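Novice: A single structure is presented below for examination.
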There are 4 protein chains.
Amino acid sequence: MNNQLQENTLKTVRVGVLGVSGYVGREAFALLLGHANVRLTYAAANNTTGPVSQIFPEFLNRTSLVCQKFDVKEAITKCDVIFLGLPHTESMSVVPPLLKAGLKVIDLSADYRFKNTRVYEKWYGHRHADKKNLSKAVYGLPELFREKIKKADFIANPGCYPTASILGLAPLIATRKDIGAVVIDAKSGVSGAGRKAVVGLHFCEVNENFKAYKVLCHQHAPEIEQYLSRLAGRSTPVHFVAHLLPLTRGILNTMYVPLAEGITLNQLHTLYKKFYKMEPFVRLHPLGGQPEIKNVANTNFCDIGLALSADKKMAVITSAIDNLVKGAAGQAVQNMNIMCGFNEVEGLI
Amino acid sequence: MNNQLQENTLKTVRVGVLGVSGYVGREAFALLLGHANVRLTYAAANNTTGPVSQIFPEFLNRTSLVCQKFDVKEAITKCDVIFLGLPHTESMSVVPPLLKAGLKVIDLSADYRFKNTRVYEKWYGHRHADKKNLSKAVYGLPELFREKIKKADFIANPGCYPTASILGLAPLIATRKDIGAVVIDAKSGVSGAGRKAVVGLHFCEVNENFKAYKVLCHQHAPEIEQYLSRLAGRSTPVHFVAHLLPLTRGILNTMYVPLAEGITLNQLHTLYKKFYKMEPFVRLHPLGGQPEIKNVANTNFCDIGLALSADKKMAVITSAIDNLVKGAAGQAVQNMNIMCGFNEVEGLI
Amino acid sequence: MNNQLQENTLKTVRVGVLGVSGYVGREAFALLLGHANVRLTYAAANNTTGPVSQIFPEFLNRTSLVCQKFDVKEAITKCDVIFLGLPHTESMSVVPPLLKAGLKVIDLSADYRFKNTRVYEKWYGHRHADKKNLSKAVYGLPELFREKIKKADFIANPGCYPTASILGLAPLIATRKDIGAVVIDAKSGVSGAGRKAVVGLHFCEVNENFKAYKVLCHQHAPEIEQYLSRLAGRSTPVHFVAHLLPLTRGILNTMYVPLAEGITLNQLHTLYKKFYKMEPFVRLHPLGGQPEIKNVANTNFCDIGLALSADKKMAVITSAIDNLVKGAAGQAVQNMNIMCGFNEVEGLI
Amino acid sequence: MNNQLQENTLKTVRVGVLGVSGYVGREAFALLLGHANVRLTYAAANNTTGPVSQIFPEFLNRTSLVCQKFDVKEAITKCDVIFLGLPHTESMSVVPPLLKAGLKVIDLSADYRFKNTRVYEKWYGHRHADKKNLSKAVYGLPELFREKIKKADFIANPGCYPTASILGLAPLIATRKDIGAVVIDAKSGVSGAGRKAVVGLHFCEVNENFKAYKVLCHQHAPEIEQYLSRLAGRSTPVHFVAHLLPLTRGILNTMYVPLAEGITLNQLHTLYKKFYKMEPFVRLHPLGGQPEIKNVANTNFCDIGLALSADKKMAVITSAIDNLVKGAAGQAVQNMNIMCGFNEVEGLI
């Protein structure tokens, strides 16, 4: 990225990353380091301190920023925009003072994704402590809510599975009334589980292995249902099963959509093509093509593939994203770009 | 393998493996090498010759057998039982003389799995050249056809995906009349694709990658449908999507079975427990447990897990096998054990 | 495992595994489960209890043994032989009562590998609490100490790197006086680090990664030096660098041995062939062949390859083992077989 | 990369990639696509044609360039600079007309790396057909030959192992006269072997495996020796052993350098720090730190770590690069930047 010759008038914002020692925080940090409109001015975490280049030696010679123990006052002084890469239930206590001080906040946790706090409380096992700011939070899925994001100061950044699921299903859900019980068979790489020291994420437990987990009881299912239902204008339940892939990054969803009245493959393809025609980060495969995780890894793209049963009544939609990029930090940067009036793809292509 | 007090009169057979240089042939060879009732007397392939311990140095100091260019007369002279690990369409020309000479034959290709040759010809793109022996072939899935296998001389060994699919679905398919459109979301390790020199199986194309392939048009779908339909007593179509996992061995299927009249989780669990209660190689997980590929890798087990939607109308069945063992060579050995009157688990546990 | 015509009088021993919830303990348990002369009667761990088939569902339907909180009295009552798969420094407190009660003990930790407790204390950072039994411990490397093992009641089972290193170097070290500074460039799979919940062993930290660690300061270096020095009859220091491979099991060492007086490749090969000619678990590759981890994974073999520089003065010896089998539990079973008068390869081939 | 606001005067060159269907060509294509001073105007290969976004769907929506069957006239018309990602021995027939037409040429094969064609012919098994242009070729290792590269029109881009080896050894080799027999224990990811359809690179042959190959007879050894000897001012042979890592990209070398007169660790560190102090792409780890492949993957960095034996007479130097970036396409872009007067890091950080 050669920013040398850019004009003096290039608008820049001062950005901080909270939770930089986790995989999502690290990814945000890496993307922001290469962003022409960003000066990284603050990095913090709850349990890790020291030079970012020591926590992640990949940043050796690339940044002198030191990860601090989080201090809300320091964050307010040093940042215009802040990315929160905190565990679920921790964002709630941090968001109110940051918003009050006028910062733009992008929360990558689940804390502000549910309009109904009872749903949140059921699935995340924690009372919601900041209902006040809930109404201010805009769900940061630009393909559906770009106009709202433009005017927002506060983004609830979508979960990784919901991003892949909603983008893959939206064109059908938004336009068809004859949809039966949707099945989402979702597979994710290991970074989606976070950078936790637990035996279940030990290399030898995951390597050469594959399993379903939280079968029909994953906390991302209600998030998906909430936004699909809004899109459909009626309750849209899904059967969601998550699986753990033995790879670092990437999600691939295979989604089965029964259509009572049938559709042709060309109609299906045209529907998707139109729906996403202006989108810089959604790539519809030509008929016959199928998304692969390696084609979206380390990118902000969501790739989509289409297939149809012989009787034309079962559409199979596949969608692939990088869970850390379009499924988290990349989408957060995309949201920042929209909020701040930057080029939407800056720092991402 | 604790064979404790085996009789002096231990019966042995002379066994040959054809296609030993492929992954299925190699696996059969390895299992037979440790089998108490087997003397490996013949190994052959079409394009590779030389000591087996040179083709696969893991057999160094373990066998002095030399892989020959296949010769049907030599096979007949040297073997009582022969395993055919050949590419599809090649078994057909080899089977007739072997059967005629009185050998017991276990064919691991798809050539004799379809009763209807038109289905075979449609999916494998080749005219069937040995319809005569088709009626003699018994489909070698012991859990469903053990009595027929006992009397058989010729086994059509099931495909890997069909083994995992049929074992996972059989209890429901055999007993319920209210089943809707079944979805089989299948994921396989790379050895399932064979030991071919093609760019698509290059390490860098598969590693850190995941994709669906042959979406709704995989040749194992009609094999699954044939045997499920026989079991159900009526046509039982499935929506089958295969995926390629970045690991060497193992299949995990996630299967979605809509039940119009609903079921409780306990009923579902009891149904499976009864169905498989005498089976040495099917392991039903306790409620809440889920199969994982690493628990069946290098074994002949098929592990099964059960889950149910809140409305009790969508059962999610997961099944896991090692595609090279229960999905191919191990099941072939199990079939040989049954045919020859050996202990069914000999060489396999 | 072809045990053919075993006698009616088959001798069996009752065996216990302490530390069964770790990778080494699990491996010992798996091997012993298939051992013709063994009845597994006791499994224990310090922090994990419950059915072994629940801790490791791969044992579902294969064992009903329940992992207990370790109790020395119970172990003494239930076992003739006990395998200790404990963290270093913990074996010392368990060994004395077990030996006193007359059990045969195989300790897989480092606690009794050093004749000089100062070396142990320097490298393991812990005072040695049982010097008394140190002299009873026989270093369990059968290829060098088989006769002593036959008469022993107590085995200090070698470390994984030392097994691969000493077996690879022994023929040269034992016979040549012109050896210069030996370099051991060692690479190990992740299971060698144990089943610990630490971020450094998280899948995403190890996958697609490779690094050297404990460069020139690994605790296995003094173990290697002690036994090479004994073999050489003089101090034999080595330059040892460990590396972490992104795979589950296996070690491959590349060892550089300068020979002041030179040697021919044929002489080198003959030297190794003679040295290991009667060994069931050491496989010397033909000239030109090289060991690979996949050929020894899940086996008790140590494979060795040889190469020589053009000037004949630098021998490059490569050795490969499975760190959990020949590098730990398999070698322990081999030692038990020798101590108990069983067939040395029982349960291992 | 936001190039929008860049000045009208931004110098651009038209660039072509020959051999775009291989891993090195693909990597060059990807890097050039994000380069502010480059217009990609031509892509070609010998055996693959069609849209680049079809050959590699990761480029979907990112390029409309179509890969052509190579035509030298078209290349000359369309390009100012050309990258040759061809198999060894094929560049020789392509280079003469391109140079003659005045293009700047960066050859990523080995064809022009050896000043002595006898050495080339011995190791690559092919007569050298273009000795005339050999003297024009500058070895494209900027850290050693930047001034020559500035004036060059023709670059022989270094091999991957030589880049990691020479950068890791240069400071010692250039300054010390007391160096003994150097050992280079080199480990590379699979992409280094190219995108070939051969069984040895099949996923199942490489996954969960590790081996040494071409032990003491790898064709990169003479390349390393040639440039180390030039640096030392005397013949500098090395003992080089290559190994294949089960990962896609990255090289880590562990190098053992005997120093007759000894050195302190601080002296060693200072020596390296000074040698590379102005280099944008060489990162010396602080004492105690060690390079890891994951920290350089997908970057143009070469990371270096240092250790020393207790007697101060054996230095252990570790170096890590991405074999496709600093070991091939990234270094080629760096060379182009230097040749064309662009910012040296453009397109690379």
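The values are calculated or read from the model by the stated rules, or taken from the named source; none is laboratory data. Nothing here was measured: the structure is a model prediction, and the numbers come from that model. Here the Cβ is made from the backbone with ideal geometry for all residues, glycine too, and neighbour counts use every protein chain on show. These accessible areas exclude ligands, DNA and RNA; they are computed on the full protein's heavy atoms, side chains included. Shrake-Rupley method; radii C 1.70, N 1.55, O 1.52, S 1.80 Å.
Novice: Taking B:E90 and the conditions (1) under 27 Å from B:A193 (Cβ atoms); (2) crowded, with 22+ Cβ neighbours inside 10 Å, which numbered condition does it fall short on, given that it satisfies the others?
Specialist: Of everything listed in (1) under 27 Å from B:A193 (Cβ atoms); (2) crowded, with 22+ Cβ neighbours inside 10 Å, B:E90 misses just condition (2).
Novice: If you go through segment C:200-214 one residue at a time, do you hit one that is of a type in the set (V, I, T) and surrounded by fewer than 24 Cβ atoms within 10 Å (Cβ to Cβ)? I'd like the intermediate steps shown before the answer.
Specialist: So the first thing to find is which residues in segment C:200-214 are of a type in the set (V, I, T), and the list is C:206.
After this cut, where a residue has to be surrounded by fewer than 24 Cβ atoms within 10 Å (Cβ to Cβ) as well, the list is none.
No; the residues of segment C:200-214 include none that is of a type in the set (V, I, T) and surrounded by fewer than 24 Cβ atoms within 10 Å (Cβ to Cβ).
Novice: Counting just the residues of segment D:143-193 that are out of contact with any strand residue (DSSP E or B) (no Cβ under 8 Å at 6 or more places or on another chain) and of a type in the set (G, A, S), which one comes out surrounded by the fewest Cβ atoms within 10 Å (Cβ to Cβ)?
Specialist: D:A174
Novice: If B:Q219 passes every condition in (1) in contact with a Pro (Cβ under 7 Å, 6 or more places away or on another chain); (2) under 30 Å from B:K100 (Cβ atoms) but one, which one does it miss?
Specialist: (1)
Novice: Wholly within segment D:143-239, which strands (runs of 3 or more DSSP E) include no fewer than the required count, namely at least 2 residues that are within 12 Å of chain C (Cβ to nearest Cβ) and under 22 Å from D:E292 (Cβ atoms)?
Specialist: Details: elements: D:154-156, D:182-188, D:211-213.
So the answer is D:182-188, D:211-213.
Novice: Another one. Residues being among the acidic types (D, E) and under 23 Å from B:V182 (Cα atoms): count how many of those fall in segment A:288-312. Explain how you work it out, then say what you get.
Specialist: Going residue by residue through segment A:288-312, those that are among the acidic types (D, E) are A:292, A:303, A:311.
Then keep just the ones that are under 23 Å from B:V182 (Cα atoms); that gives A:311.
Counting residues in segment A:288-312 that are among the acidic types (D, E) and under 23 Å from B:V182 (Cα atoms) gives 1.
Novice: Could you list all residues from segment B:306-344 that are within 11 Å of another protein chain (Cβ to nearest Cβ), out of contact with any Gly (no Cβ under 6 Å at 6 or more places or on another chain) and not charged (D, E, K, R)?
Specialist: B:L306, B:A307, B:L308, B:S309, B:A310, B:M314, B:A315, B:V316, B:A320, B:L324
Novice: May I pose another question? Got a number for residues in segment B:131-142 being part of a helix (DSSP H, G or I) and in contact with a Pro (Cβ under 7 Å, 6 or more places away or on another chain)?
Specialist: Taking segment B:131-142 first, the residues part of a helix (DSSP H, G or I) are B:131-134, B:142.
If we keep only those that are in contact with a Pro (Cβ under 7 Å, 6 or more places away or on another chain) too, we end up with B:133.
Number of matching residues: 1.
Novice: Next question. Could you list, in sequence order, the residues of segment D:46-97 that are at pLDDT below 95 and closer than 16 Å to D:E27 by Cα?
Specialist: Answer for segment D:46-97, where residues must be at pLDDT below 95 and closer than 16 Å to D:E27 by Cα: D:L86, D:P87.
Novice: If I filter segment C:242-262 for residues that are of a type in the set (F, W, Y), more than 12 Å from every other protein chain (Cβ to nearest Cβ) and closer than 27 Å to D:V182 by Cα, do I get at least one hit? First the steps, then the outcome.
Specialist: Pass one, segment C:242-262, residues of a type in the set (F, W, Y): C:256.
Add one more test, that the residue is more than 12 Å from every other protein chain (Cβ to nearest Cβ), and what stays is none.
No, the conditions are met nowhere in segment C:242-262.
Novice: Search segment B:124-142 for residues being open to solvent by 80 Å² or more (accessible area, probe 1.4 Å) and within 24 Å of B:C217 (Cα to Cα), and hand back the single one that is modelled with the highest pLDDT. Talk me through it step by step, then tell me what you get.
Specialist: Filtering segment B:124-142 for residues open to solvent by 80 Å² or more (accessible area, probe 1.4 Å) gives B:126-127, B:131-132, B:135-136.
Remaining after also requiring within 24 Å of B:C217 (Cα to Cα): B:126-127.
On the way: B:H126: 91, B:R127: 94.
Result: B:R127.
Novice: Just need a number here: residues in segment B:56-73 that are over 15 Å from C:F301 (Cα atoms) and open to solvent by 30 Å² or more (accessible area, probe 1.4 Å). Can you show your working first?
Specialist: Step one: filter segment B:56-73 for residues over 15 Å from C:F301 (Cα atoms), giving B:64-73.
Subsequent filtering for residues that are open to solvent by 30 Å² or more (accessible area, probe 1.4 Å) retains B:64-66, B:68-73.
Of the residues in segment B:56-73, 9 are over 15 Å from C:F301 (Cα atoms) and open to solvent by 30 Å² or more (accessible area, probe 1.4 Å).
Novice: Further, regarding this structure: Scanning segment C:70-105 for residues that are over 18 Å from C:A129 (Cα atoms) and among the β-branched types (V, I, T), which turns out farthest from the chain's Cα centre (by Cα)?
Specialist: C:T77
Novice: If I ask for residues that are in contact with a helix residue (DSSP H, G or I) (Cβ under 9 Å, 6 or more places away or on another chain), of a type in the set (D, E) and not in a loop (DSSP other than H, G, I, E, B), which ones from segment A:106-130 would you list? Lay out the reasoning, then the answer.
Specialist: Just the residues of segment A:106-130 that are in contact with a helix residue (DSSP H, G or I) (Cβ under 9 Å, 6 or more places away or on another chain), to begin with: A:106-117, A:119-120, A:122-123, A:126-130.
Then keep just the ones that are of a type in the set (D, E); that gives A:107, A:111, A:130.
Listed by number, the list holds a single entry, A:D107.
Novice: When residues of segment A:180-208 are filtered for being of a type in the set (D, E), over 25 Å from the mean Cα position of the chain (by Cα) and on the phi < 0 side of the Ramachandran plot, how many remain?
Specialist: If we filter segment A:180-208 for residues that are of a type in the set (D, E), which is where we start, we get A:185, A:205, A:208.
Cutting the leftovers down to over 25 Å from the mean Cα position of the chain (by Cα) gives us A:205, A:208.
Next cut, on the phi < 0 side of the Ramachandran plot only: A:205.
Residues in segment A:180-208 being of a type in the set (D, E), over 25 Å from the mean Cα position of the chain (by Cα) and on the phi < 0 side of the Ramachandran plot: 1 in total.
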